[in-house]
Amino acid sequence: MDPIQTSNHIKDILSQNATADVKQVRELLAKARELKGLTLQDVAALLSVDDETLLEEMFHTAREIKETIYGNRIVLFAPLYISSECANNCLYCAFRRSNKEIVRTTLNQKQIADEIEVILKMGHKRVLLVAGEHPVRCSIEYMEESIKTVYETKVGKGEIRRLNVNCAPLEVEDFRRLKAANIGTYQCFQETYDPEVYKVMHPSGPKSDYLYRRTVMERAMEAGIDDVGIGPLLGLTDYRFEVLSTLAHSQELDEKFGVGPHTISIPRIEPATGVEISENPPHVVSDLDFKKLVAILRMAVPYTGMILSTRESPAFRDEVIKLGISQISAASRVDVGGYVMGDRKDGQFSVGDHRSMDEIMQELLSDGYVPSFCTGCYRLGRTGHDFMDLAKPGMIKIFCHPNALLTLKEYLEDYATPETKAIGEKVIAAELNSIPSEERRKVTLERLKEIESGKRDLYF
């Protein structure tokens with residue numbers, strides 16, 4: 001792979017498809033509704049659209065596609081930052097080595113267990129483990145021990161059933177160790193796919209090697225990790241270039257391994273302590289452009305999960321979720337030790353959504369969504385190829401919809417306020433009627449009653 005050549009190819013596609021007329025756009029939207037994805041040229045053309053009427057048609061199409069594949073479910077998770085020590089000097093990150101304005105922390109295993117206890121008391125079942133890139137503080141041995149601690153920590157009926165990992169690129173052998181530790185998805189962001197911008201933003205440290213990071217998912221998948229998550233950090237360069245490059249990366253993985261990324265994340269740069277560039281990003285992505293790129297990615301990769309973080313404000317998150325988001329973080333802390341100690345302004349970035357877990361649950365339920373904590377696919381091997389074989393014909397909902405109702409019921413029984421529980425029970429009653437199989441509906445109802453009687457972790 002020649003990074004410069006690849007970058008120039010993406011820029012050429014954008015230049016050659018810099019305009020699209022009404023007829024072409026509507027043809028592309030019809031193509032998207034076939035649920036077979038879009039080409040790089042298709043996406044470049046859609047990225048050029050700024051007509052309000054056409055944008056609304058794009059948003060409507062994205063909503064249709066999301067509902068067809070994923071239904072009205074929204075998966076929730078919590079990030080867990082375990083170390084802010086880092087050998088890199090990324091200009092946009094509060095954890096960068098030269099930043100003297102934050103207190104560096106690496107949690108010991110007792111502190112990790114304490115953090116997980118707080119997360120469990122919120123009702124979470126999924127965690128994304130996040131660590132800086134430090135050869136000693138964040139060694140593979142430390143990661144393995146931390147994963148073990150997360151899984152072993154219990155509070156009442158609460159437990160973490162699936163742990164995903166966001167850490168520095170590794171060699172194949174170390175990825176095999178993560179796989180053996182029973183992780184779910186491995187997540188790593190390229191940040192920017194433009195090699196020249198990348199060089200400026202990563203002046204020193206292991207992360208300055210563009211190609212090593214760009215090929216990280218190949219090593220992870222070679223090691224047997226079925227599900228990987230990719231994404232850019234929006235704001236470092238033209239968002240259209242980053243969207244198209246992310247799609248190209250997705251297609252490369254699909255061509256080489258027969259399955260693309262399990263998730264794509266689309267974080268925007270947010271202010272952070274000691275990070276000058278975060279106050280005035282080089283290429284600000286407007287709210288409208290952000291909504292547009294979310295809708296386009298949903299149309300381009302209809303079967304890939306899309307993640308929205310708590311960087312965004314509550315009102316804007318509610319808008320964007322409608323356009324194709326399938327996973328959100330909830331009640332997040334992005335500073336190390338933040339769940340126990342609260343926000344200390346030492347986080348990797350500023351959080352925009354400060355709502356409690358119950359407030360977010362109530363909002364989702366009131367808006368017609370089914371909040372889900374399901375981890376059944378991971379534990380039954382419905383990952384990688386197997387997941388896509390079910391997702392592409394729209395069959396994954398056969399499992400995901402009733403599983404979402406079962407995990408929602410657990411939340412209502414164990415953690416919800418009375419008001420949220422009342423809303424949630426009405427949602428479950430209505431959603432049962434939409435399960436197409438009479439037998440599956442009957443078994444789901446039986447399992448809901450078992451949960452009321454005290455059983456937990458029931459899934460299809």
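The values are calculated or read from the model by the stated rules, or taken from the named source; none is laboratory data. Since the structure is predicted, the reported quantities are computational estimates derived from the model, not experimental observations. Note that each Cβ is placed from the backbone with ideal geometry, even for glycine, and that neighbours are counted across all protein chains shown.
Worth pointing out:
- For segment 1-34, a residue qualifies if it is hydrophobic (A, V, I, L, M, F, W, C), modelled with pLDDT of 95 or more and not in a helix (DSSP H, G or I), and the qualifying residues are A18, A20.
- Of residues in segment 374-390 being modelled with pLDDT of 75 or more and on the phi < 0 side of the Ramachandran plot, the one surrounded by the fewest Cβ atoms within 10 Å (Cβ to Cβ): L380
- Sole residue being basic (K, R), crowded, with 22+ Cβ neighbours inside 10 Å and within 27 Å of R344 (Cβ to Cβ), chosen from K125, K148: K125
- Among the residues listed as A78, A44, the single one being within 30 Å of C374 (Cβ to Cβ), within 24 Å of the chain's Cα centre (by Cα) and either assigned by TED's automatic domain parsing to the domain that holds I325 or in a helix (DSSP H, G or I) (or both): A78
- Positions within segment 209-225 being over 19 Å from T185 (Cβ atoms) and touching a residue at least 60 places away in the same chain (Cβ under 8 Å), in sequence order: Y210, L211
- Condition met for I296 (at pLDDT 95 or above, within 26 Å of G132 (Cα to Cα) and crowded, with 21+ Cβ neighbours inside 10 Å): no
- Filter pass, V25 being more than 30 Å from E218 (Cβ to Cβ) and in contact (Cβ under 8 Å) with a residue 12 or more places away in the chain: yes
- Residue satisfying all of: in segment 265-311; assigned to a loop (DSSP other than H, G, I, E, B) and hydrophobic (A, V, I, L, M, F, W, C); nearest to the chain's Cα centre (by Cα) among these: I266
- Segment 327-352, subset at pLDDT below 95 and either among the hydroxyl-bearing types (S, T, Y) or not in a loop (DSSP other than H, G, I, E, B) (or both), residue farthest from T310 (Cα to Cα): M341
- Condition check for S437: modelled with pLDDT of 95 or more, polar (S, T, N, Q), out of contact with any Leu (no Cβ under 8 Å at 6 or more places or on another chain) and more than 24 Å from T304 (Cβ to Cβ): no
- Selection within segment 214-229 - of a type in the set (D, E, K, R) and in a loop (DSSP other than H, G, I, E, B): D226, D227
- Those residues of segment 345-373 which are hydroxyl-bearing (S, T, Y) and surrounded by fewer than 22 Cβ atoms within 10 Å (Cβ to Cβ), in sequence order: S350, S356, S366, Y369
- Output for segment 104-113, where each listed residue is surrounded by 12 or more Cβ atoms within 10 Å (Cβ to Cβ) and either without any contact (Cβ under 8 Å) to a residue 60 or more places away in the chain or over 14 Å from L80 (Cβ atoms) (or both): R104, N108, Q109, I112, A113
Residue-wise test of (1) assigned to a loop (DSSP other than H, G, I, E, B); (2) hydrophobic (A, V, I, L, M, F, W, C); (3) over 30 Å from G381 (Cα atoms).
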{"residue": "P169", "(1), (2), (3)": "yes, no, no"}
{"residue": "D174", "(1), (2), (3)": "no, no, no"}
{"residue": "I183", "(1), (2), (3)": "yes, yes, no"}
{"residue": "E196", "(1), (2), (3)": "no, no, yes"}
{"residue": "Y212", "(1), (2), (3)": "no, no, no"}
{"residue": "F241", "(1), (2), (3)": "no, yes, yes"}
